[in-house]
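Working notes, beginning with the structure itself.
Please treat every number below as a calculation from the coordinates, not as lab data. The structure displayed is predicted, hence computed values, not measured ones.
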Ligand code: ASP
């Protein structure tokens, strides 16, 4: 046997046993006549002791020659430790080593393999296999596995079948750019990597599979905003013969199961909020509802005075920041600077300090008296000691800016507690979204999403007002999942493509396969997909998805460990009949 136990296994009860262990040298302590070594593997650390008196001089010499990260195998006896280490599970025992074999040497690692390391991000990514030896990353990968197992367990118990769908497919327009793969056997033609298995899971419903899921890699060639990956993992799901309600209940069940099994947290029924309400109250379609600071619209009370900025604004909207009145002038100026940064883009901010003595001090005292300000405080729900922050301008922009401010203030006030979980459903998304660049409507979710039947009549007259049977699951201010009830008849699908600006020929060329399938008895169906990377990070109480991915890419989409993407050689290009024009 290569090893009789792992390094996390031995306890006082094993004292007296002869064991064989293997692992990496974490640390050596040399006392001259005695040497201690921490031996590490995935399961933990076991202390080895080399003792001149109880073993031999040669043994101790070879122990002294071991370097960090050497891989060794030892045979010896489990003995009780004199000074016990309560911080590790094997801390009551140590191994009196009688035989030592060096299995492999190691050069000095470029950063320390410790929980808190001296390695920067780039270095850790370049040597990711060493980074994975560290507890924080190792534990995250184990955590991810647990989440994935619970997902599989829950869905399988509920009758879902995990089915793989192809990776080399045809381009599907889901809003992002496709990664493409040239086909050698079909000159001049390209596969696309799936942005999601959307059309395939719908075809599985036409195929009668009824309940499908897949933990699946998806690919989107987007400019990488912070903490996005060009390849990411979805828990992709679809069900036939369902209404929106069935889907919301089932996947609320899944999320509740995960929160209970993984985090030991019981959550009540998820609140539901329409998209319009989310935008009005939080300026955000993925509101973080762990804290208040809801938006209050002030047009009625703030306009029609002498203050032109408010009078000319489409929307005047504010939030009451708890205990914010202690902000000094300087701190408020800094805050105003912060919201004026191009990332937020506000043109300014009006503030009202709600003093402890019941008076108000605002940046617009010239235009508003105490009575006016008291009304604002009443509407925004501001208490004594709070700070009312007010933005004004074009509705959509102002809401987005105030949402950024709300999140920032929550962060500063420590209201975004990662141990608290506040899930909700956002429902009734608009079907279409106007795109300024292309000057036409795009599908807000994707082109296969069903409009609400009662809104169909608006499709021609007021397309922007048509609501979809589409929903997102939001957790702590993150969209962790989203989906829709699908169109399942050819006519509606054709109508939809038409509204999205496809000619009938283009629709046929790109989606003929789906439209054909709909002619053979497609059942009503719908589904959703969760972003597994993000879900795992949130359940794990962390922000960065990268730390939960074994081999992530950097912000330029590169894997700096294997150095990809990279050039391919001339023969490969020739075989593919590709010429570069750089
Ligand atoms: N395919 C969709 C997405 O990736 C999810 C869904 O509609 O089921 O967002």
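At each listed q (0.18 Å⁻¹), what is the log10 of I(q)/I(0) that the Debye formula gives for the stretch 343-394 modelled as equal alpha-carbon point scatterers?
Debye curve over Cα of the stretch 343-394, log10 I(q)/I(0) at q = 0.18 Å⁻¹: -0.56.
For the chain, calculate the relative contact order in percent as a whole number, restricting contacts to Cα pairs under 8 Å that are 6 or more residues apart.
That works out to 13 percent.
Below 8 Å between Cα atoms, with a sequence gap of 6+, how large is the relative contact order for the stretch 194-350 in percent?
On the way: 127 pairs, mean separation 17.6, N = 157.
The value is 11 percent.
For residue 580 and residue 357 in one chain, what is 0.36 nm times their gap in residues minus the Cα-Cα distance, to one decimal in nm?
Between residue 580 and residue 357, full extension yields 73.0 nm more.
Using only alpha carbon positions, build the gyration tensor of the stretch 293-404, then give the equivalent ellipsoid semi-axes as the square roots of 5 times its eigenvalues, largest first, whole angstrom.
Square roots of five times the eigenvalues give 19, 17, 12 Å.
Run the numbers on the stretch 112-247 and let me know its relative contact order in percent, using alpha-carbon pairs under 8 Å that are six or more apart.
The value is 18 percent.
Between the stretch 531-574 and the stretch 7-40, what is the separation of their alpha carbon centroids in Å?
Cα centres, the stretch 531-574 to the stretch 7-40: 36 Å.
Taking only Cα atoms, what is the 0 to 90° angle, nearest 10, from helix 504-517's long axis to the longest principal axis of the chain?
It works out to around 60 degrees.
What is the helix-to-structure angle for 329-340, meaning the angle in degrees between its Cα long axis and the longest Cα principal axis of the chain, kept from 0 to 90 and rounded to the nearest 10?
Here the helix axis deviates by roughly 80 degrees.
Give or take rounding to whole Å, what are the principal axis extents of the alpha carbon atoms in the stretch 338-467, in descending order?
The Cα atoms of the stretch 338-467 stretch 57, 41, 32 Å along the principal axes, largest first.
May I ask for the distance between the Cα centers of the stretch 342-373 and the stretch 431-463, given as a whole number of Å?
Going from one Cα centre to the other spans 39 Å.
Which value in Å is the Kirkwood Rh of the stretch 38-166 over different Cα pairs?
About 17.9 Å for the stretch 38-166.
Assuming a viscosity of 0.692 mPa s and a temperature of 37 °C, what translational diffusion coefficient in µm² per second does Stokes-Einstein assign to the stretch 247-292, Rh being the Kirkwood radius over Cα pairs? Working shown, then result.
Numbers: Rh = 12.0 Å.
D = 273 µm²/s.
Given N residues in the stretch 1-57, what is its alpha carbon radius of gyration divided by 2.2 N^0.38 Å?
1.17
Using helices alone, what [θ] at 222 nm do you get for the chain, with -39,500 (n - 2.57) per DSSP H run of 4 or more residues, divided over all residues and rounded to the nearest 500? Intermediate results must be reported in sequence, preceding the final value.
Numbers: 17 runs with 169 residues, N = 582.
For the chain, the value works out to -8500 deg cm²/dmol.
Enumerate the whole-percent occupancy of each 10 Å bin, from 0 to the last occupied one, for all C-alpha pair distances of the stretch 420-504.
18, 47, 26, 9, 1
As an exercise, take the mean of 1/r over every pair of distinct alpha carbons in the stretch 435-582, invert it, and state the Kirkwood radius in angstroms.
Result for the stretch 435-582, one decimal place: 19.3 Å.
Sorted from largest down, what three extents in whole angstroms do the Cα atoms of the stretch 217-301 have along their principal axes?
Principal axes ranked by extent give 51, 37, 32 Å for the Cα atoms.
Using the scaling law 2.2 N^0.38 Å as the reference, what is the normalised Cα Rg of the stretch 282-341?
Normalised Cα radius of gyration, the stretch 282-341: 1.33.
Tilt of helix 395-412 relative to the longest C-alpha principal axis of the chain, in degrees (0 to 90, nearest 10)?
It works out to around 30 degrees.
Taking every alpha carbon pair in the stretch 477-525, what does the distance histogram look like in 10 angstrom bins from 0, in percent?
25, 44, 22, 9, 0
Between residue 519 and residue 54, what is 0.36 nm times their sequence separation minus the Cα-Cα distance? Round to one decimal in nm. Intermediate results must be reported in sequence, preceding the final value.
Working: separation 465, 0.36 × 465 = 167.40 nm, distance 8.22 nm.
Difference between extended and current length: 159.2 nm.
Principal axis lengths of the chain from Cα atoms, whole Å, largest first?
Rounded to whole Å, the extents work out to 93, 75, 52 Å.
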